[in-house]
Structure formats: C-alpha cells, structure tokens
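Since the structure comes first, as structure tokens, the remarks are kept for the end.
The values are calculated or read from the model by the stated rules, or taken from the named source; none is laboratory data. Computed from a prediction, not measured in an experiment: that's the story for all the values here. Ideal geometry is used to build each Cβ from the backbone, glycine not excepted, and the neighbour counts take in all protein chains shown. Only protein heavy atoms, including side chains, enter the accessible area calculation; ligands, DNA and RNA are left aside. Shrake-Rupley method; radii C 1.70, N 1.55, O 1.52, S 1.80 Å.
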Amino acid sequence: MGQYSSTHCGGGPKHRHRTPLTNHQYIISNNSDFFSLINSDDDESTVPSVFENRDYTDDLPDECLALIFQCLSSGDRKKCSLVCRRWLLVEGQSRHRLALNAKVEILPHVPAIFSRFDSVTKLALRCDRKSVSLNDEALTLISLRCSSLIRLKLRGCRDVTDVGMAAFARNCKSLKKFSCGSCMFGAKGMNALLDNCSSLEELSVKRLRGINDGFAADPIGPGAAASSLKSICLKELYNGQCFAPLIIGSKNLKTLKLLRCLGDWDRLFETIGSSENHVAEIHLERLQVSDAGLNAISNCPKLEILHLVKTPECTDAGVVAVARKCKLLRKLHIDGWRTNRIGDDGLVAIAENSSNLKELVLIGLNPTSTSLLAIASNCQKLERLALCGSDTIGDPEVSCIATKCMALKKLCIKGCEVTDEGIESFAWGCPNLVKIKVKKCKHVTGDVADWLRARRRSLAVNLDGGEVDIEPVDGSASEGGALEEAAEFQHTATTLPVIRAADIPSTSNVGRSSAAKPWFGLFGGRGLVACTLRRWSNGNGDSSESL
C-alpha cells in the first residue's frame with residue numbers, strides 16, 4: 001500500500017510460542033491436506049511440535065493484514081493492536097483517520113501519537129467547553145508531523161490563534177477539507193489558510209469567534225484556494241459577510257450554505273448572479289434574504305438543489321422567479337415558518353417549470369388542491385414528498401397525490417388535517433410507493449396502518465396516530481437535520497488519548513452573547529422532518545435509500 005514498511009525480511013516466517021492446548025489433540029490425516037481438532041479425555045495429550053509454535057499470520061504480508069484491519073470497527077482495531085508488536089505497528093501505520101481529545105495536556109504526547117499513527121490524512125481535534133484546549137504550539141507540532149493531511153476538523157479549540165493557524169497552513173499545504181467550530185482565531189488565520197492551501201475544496205465555518213468585532217473585521221479571501229473551492233458552509237456567524245470576497249471570488253463554487261448568519265445577504269447574491277457561475281446547490285436558513293436575493297439566485301442556471309428554511313422575507317414572487325429560470329431543479333425544500341407568504345402561486349410555478357423535480361419538502365405552508373394537483377400532474381419524476389405542519393392539507397389533497405404521483409416512492413405527512421380515509425387511498429394509489437410515514441395527525445388511527453399493511457405487504461408503514469399535541473415542525477438544517485455540512489468525516493478511536501467524535505459534548509453555547517441567544521435559539525431543536533430528511537439530502541436520490 002506504500003504507506004508503511006513491511007516487517008518481513010527474508011528467511012521465512014517467525015514462529016512465536018503458543019500455550020499448548022489442554023483436553024484437545026490434533027489428528028493429522030494421511031490422505032488429506034487438512035487437520036481437524038477433536039475433543040479428547042486424555043489430560044496428558046499435547047500438540048505435536050510441528051504446530052506448537054506456529055503463528056499463521058506471519059505468512060500474511062503487512063499490506064494484507066492492514067486491509068483486514070480496515071474492515072474492522074474502531075473497537076476491534078484497538079483490540080487487535082494489543083495482540084503483538086507487529087499488529088500494533090501495522091494497525092498504527094495503516095490508520096488514516098484519527099480523532100483526538102484536544103486538551104492542552106496532549107502536547108507532550110504529540111510526538112508519540114504521530115510516531116505510531118504516521119499515515120494519518122484525516123484528523124479531528126475536539127475539546128469540550130469545560131476544558132482548556134490545545135494551543136498554537138501543539139497545533140504547529142501536529143502540522144509538522146502530519147504534513148500530508150487532507151482533512152482537518154477543529155471543534156472548541158479556543159486557544160488556537162491566528163499564529164497557530166498560519167503555522168499550520170504553511171506546513172499542511174495539501175489540505176482539501178477544513179471545518180472549524182467554536183474557535184477563537186480570526187480573519188488573519190483564515191486568510192493564511194486560504195493563501196497557502198491552494199487545493200482546498202470544502203470549507204465549513206461555524207461560530208468563529210475571532211471575527212465577531214463588528215465592522216472592523218478584515219475581509220476574508222479569496223486567496224489561492226479560490227480557484228479550487230467547491231463548497232462553502234457558514235453557520236451562526238455574527239459577521240459572516242466578511243467572507244463575501246471569498247464567496248464571490250470562488251469561480252468554481254458549486255455548493256453554498258448560509259445558516260443563521262446575521263446581516264443582509266441580498267447584495268451578495270446579486271453580485272454572484274451578475275456573473276457566470278457554477279452554483280448547483282444553495283441552502284438558506286434563518287437568513288435575512290428577500291425576493292431580491294431570490295431573483296438574483298434565479299440567475300444561477302445550473303441550480304439543482306434549493307433549501308429555503310425560515311426566510312420570512314421570501315414570498316411567492318421570489319419563488320416564481322427561481323422556478324422560471326432554474327429549469328434543472330431536482331430538490332426543493334421550503335419551510336415557510338407559517339407566515340403564509342409562499343403559497344399556491346409559487347408552487348404552481350414550480351409545478352409548471354420543474355419537470356425534473358424528484359424531491360419536494362413543504363413545511364409550514366398552506367397549499368390547496370390547486371397547487372398540489374399541478375405538482376402531482378406535472379412533476380412526473382417526483383419520488384420523495386414531505387408535507388408537514390399544514391392546515392389546508394386534508395383527505396382530498398392526499399387522495400390527489402395517491403392518484404397522480406405515479407413515481408412517488410417515499411412520503412412523509414406530519415401535523416396535517418388528514419384522516420384514515422385519506423391514508424386508505426394509498427392502498428391502490430402510488431404503485432411505486434415503498435415507505436410512508438404519518439406523524440402527529442390527530443385524526444389518523446392505528447387501525448388504518450394495519451389495514452394498509454395487509455393490503456400492500458411490500459409497503460413500510462410508520463404511523464404514530466392518536467397524539468393530540470402537535471409539536472412545532474422543524475426543518476432546521478443546523479441542528480442535526482438534513483443539511484449537515486459536507487466537510488464532516490468519520491473518525492476512529494485509538495488506545496492512546498483518542499476519543500470518538502460522537503462521545504464529545506457539544507460546544508454550541510461557548511461564548512455566545514446573551515443578546516444573540518434568543519435569535520439563534522428561536523424554534524431550535526431537532527424535529528421529525530429533519531431526522532427523516534437527513535438521509536434524503538445526503539444521498540444521491542437513489543430509490544433504495546431509507547426514508
């Protein structure tokens with residue numbers, strides 16, 4: 001595999017002592033090439049000397065042993081590393097992903113950790129909010145030991161400053177994906193990263209405290225990475241508009257996610273839309289963007305995925321503009337936040353112009369049978385549909401979907417005025433339907449689920465009818481929902497001071513000012529729809545995906 005040296009030299013395999021088995025004996029067949037182990041009552045029996053000290057894994061090259069380790073879970077890999085010195089060496093040298101508990105105490109252990117794990121290319125450094133994080137010295141030392149890093153995630157590393165980021169950027173110029181959250185470095189550190197990492201493709205920034213000094217923050221970007229950047233995700237930034245030069249200067253940008261960032265963003269989209277661009281995916285959540293911004297977004301002819309989550313200034317006019325110009329639209333999520341500013345006019349325009357639409361999520365809207373009929377009739381490729389928190393969707397609307405949506409495979413209905421009669425229509429409608437979820441619909445009973453399963457045995461029915469209180473439906477992306485940033489990657493644990501990413505407490509509230517808490521926390525939380533749609537949005541639209 002070329003990333004670690006083999007421990008085999010010439011001279012044949014080494015033999016290690018093995019404790020003789022008791023109450024068993026080996027019997028060798030004279031007419032075959034195998035032997036079998038059978039029980040014996042003879043306590044004095046011993047293993048023939050030819051097999052006593054044989055370690056058959058010695059015949060495996062290190063490369064093959066490494067491939068076996070890569071098929072194991074993190075826990076099993078740790079156990080394997082304790083078998084012998086050779087396995088310890090091979091397991092460490094074949095590990096490419098590493099997650100470290102990034103406390104300040106890690107500094108003296110850095111040389112030992114990265115001497116063992118010398119092939120790491122994907123590194124996560126996380127520190128909980130009650131601990132002191134690693135500092136510039138530790139980050140610099142790590143960068144010297146891991147000059148081949150292609151992915152780095154920093155979470156809660158509050159003692160890393162612009163100086164540490166600049167040193168890291170100079171030493172790890174091959175970086176392709178960078179993600180940080182609840183860190184304290186500022187614009188200078190971010191610019192150092194963009195100036196030195198010319199291969200950077202994905203950038204995700206969440207709660208970067210160092211740029212929260214009002215209008216005095218330096219502009220960020222575009223830098224040497226502008227030509228390679230394909231994805232930018234900004235979350236919960238007070239002064240996120242200092243990234244505008246980077247976003248505008250990234251000419252090959254395909255994915256842009258702006259979630260809970262303060263400020264007026266219309267002007268940024270107007271600048272993007274005024275020139276040639278390759279943007280194919282845009283996520284906007286709780287953002288100050290109006291129809292002017294949507295009109296500018298409509299000048300992105302390659303747009304395929306659009307998420308509008310709780311953007312109260314957007315109306316039917318903006319949605320119509322996007323629908324008429326963005327003919328390649330495949331996925332559309334709209335959370336109207338129950339403002340009734342997006343309705344039939346916008347949805348009818350989507351139906352008339354988006355023939356390629358495969359996924360549609362409508363939350364907090366009140367469409368009528370007029371728009372739903374148009375969607376069901378014109379969007380013949382629609383495979384995934386979610387209707388949530390609507391006062392106008394009842395049995396006639398659901399029956400229309402069952403009758404018209406021939407390609408539909410997955411359906412989610414939550415908090416709507418649907419009864420058993422409407423659900424029964426799926427016993428015959430939507431011939432390709434494989435899964436249906438019905439949640440928080442007061443008038444739907446459990447009996448209809450059993451009835452539907454009996455008539456369509458291949459259909460997976462998930463129903464929790466009978467609950468009176470309807471919880472607020474939340475399609476939020478940044479609270480563990482459908483729109484997780486692309487820069488996330490898996491981590492594995494080790495026997496050294498290493499922890500898994502899932503074991504680390506959230507640092508979401510570190511240093512947040514009291515004035516911003518209500519704004520960021522408004523209607524926060526993880527809703528059913530966010531859980532349901534995570535796999536929809538992270539996948540490629542394959543029909544085999546689970547709802």
query: How many residues are open to solvent by less than 10 Å² (accessible area, probe 1.4 Å), assigned to a helix (DSSP H, G or I) and small (Gly, Ala, Ser) when one looks only at the range 367-394?
result: 2
- request: Would you mention how many residues in the range 146-163 are open to solvent by 40 Å² or more (accessible area, probe 1.4 Å), of a type in the set (Gly, Ala, Ser) and modelled with pLDDT of 95 or more?
  value: 0
Scan of the range 341-366 for residues that are touching a residue at least 60 places away in the same chain (Cβ under 8 Å) and not in a loop (DSSP other than H, G, I, E, B), ordered by number: 359, 361, 363
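Inside the range 107-133, can you point out the residues that are under 27 Å from residue 82 (Cβ atoms) and free of Cβ contacts under 8 Å to residues at least 40 places away in the same chain? So that I can check it myself, show each step before the final result.
Here is the first cut: in the range 107-133, the residues under 27 Å from residue 82 (Cβ atoms) are 107-126.
Those that are under 27 Å from residue 82 (Cβ atoms) and free of Cβ contacts under 8 Å to residues at least 40 places away in the same chain: 107, 108, 110, 111, 114, 115, 120, 121, 123, 125.
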- prompt: Inside the range 135-145, can you point out the residues that are within 23 Å of residue 202 (Cβ to Cβ) and buried (at least 24 other Cβ atoms within 10 Å of the Cβ)?
  reply: 139, 142
- line: Across the range 395-417, the tally of residues that are open to solvent by 10 Å² or more (accessible area, probe 1.4 Å) and either assigned to a helix (DSSP H, G or I) or under 21 Å from residue 464 (Cα atoms) (or both) stands at 9
query: Looking at the range 337-366, which of its residues are more than 19 Å from residue 324 (Cα to Cα) and open to solvent by 30 Å² or more (accessible area, probe 1.4 Å)?
result: 337, 338, 339, 340, 366
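Scan the range 418-434 for residues that are within 19 Å of residue 379 (Cβ to Cβ) and open to solvent by 30 Å² or more (accessible area, probe 1.4 Å) and jot them down.
431, 432, 434
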- request: Using the structure shown, decide if residue 472 is out of contact with any strand residue (DSSP E or B) (no Cβ under 8 Å at 6 or more places or on another chain) and either at pLDDT 85 or above or assigned to a loop (DSSP other than H, G, I, E, B) (or both).
  value: yes
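Being at positive phi and without any contact (Cβ under 8 Å) to a residue 60 or more places away in the chain narrows it down to one residue among 260, 286, 338; which is it?
On the way: 260 fails: without any contact (Cβ under 8 Å) to a residue 60 or more places away in the chain; 286 fails: without any contact (Cβ under 8 Å) to a residue 60 or more places away in the chain.
Of the residues listed, the single one that is at positive phi and without any contact (Cβ under 8 Å) to a residue 60 or more places away in the chain is 338.
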query: Cβ-Cβ below 6 Å, separation at least six or inter-chain, first residue in the range 68-97 and in contact (Cβ under 8 Å) with a residue 40 or more places away in the chain, second among the charged types (D, E, K, R) and open to solvent by less than 20 Å² (accessible area, probe 1.4 Å): which pairs?
result: 77/91; 81/91; 90/62
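Report, by residue number, each residue of the range 313-332 that is of a type outside the set (A, V, I, L, M) and open to solvent by 10 Å² or more (accessible area, probe 1.4 Å).
Looking only at the range 313-332, we keep the residues that are of a type outside the set (A, V, I, L, M), and these are 313-316, 318, 324-327, 330-331.
Scanning the range 313-332 gives 313, 315, 316, 324, 325, 327, 330.
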field: Matching residues in the range 267-289 - criterion: being in contact with a strand residue (DSSP E or B) (Cβ under 9 Å, 6 or more places away or on another chain), surrounded by 19 or more Cβ atoms within 10 Å (Cβ to Cβ) and not aliphatic (A, V, I, L, M)
entry: 269, 281, 283, 285, 286
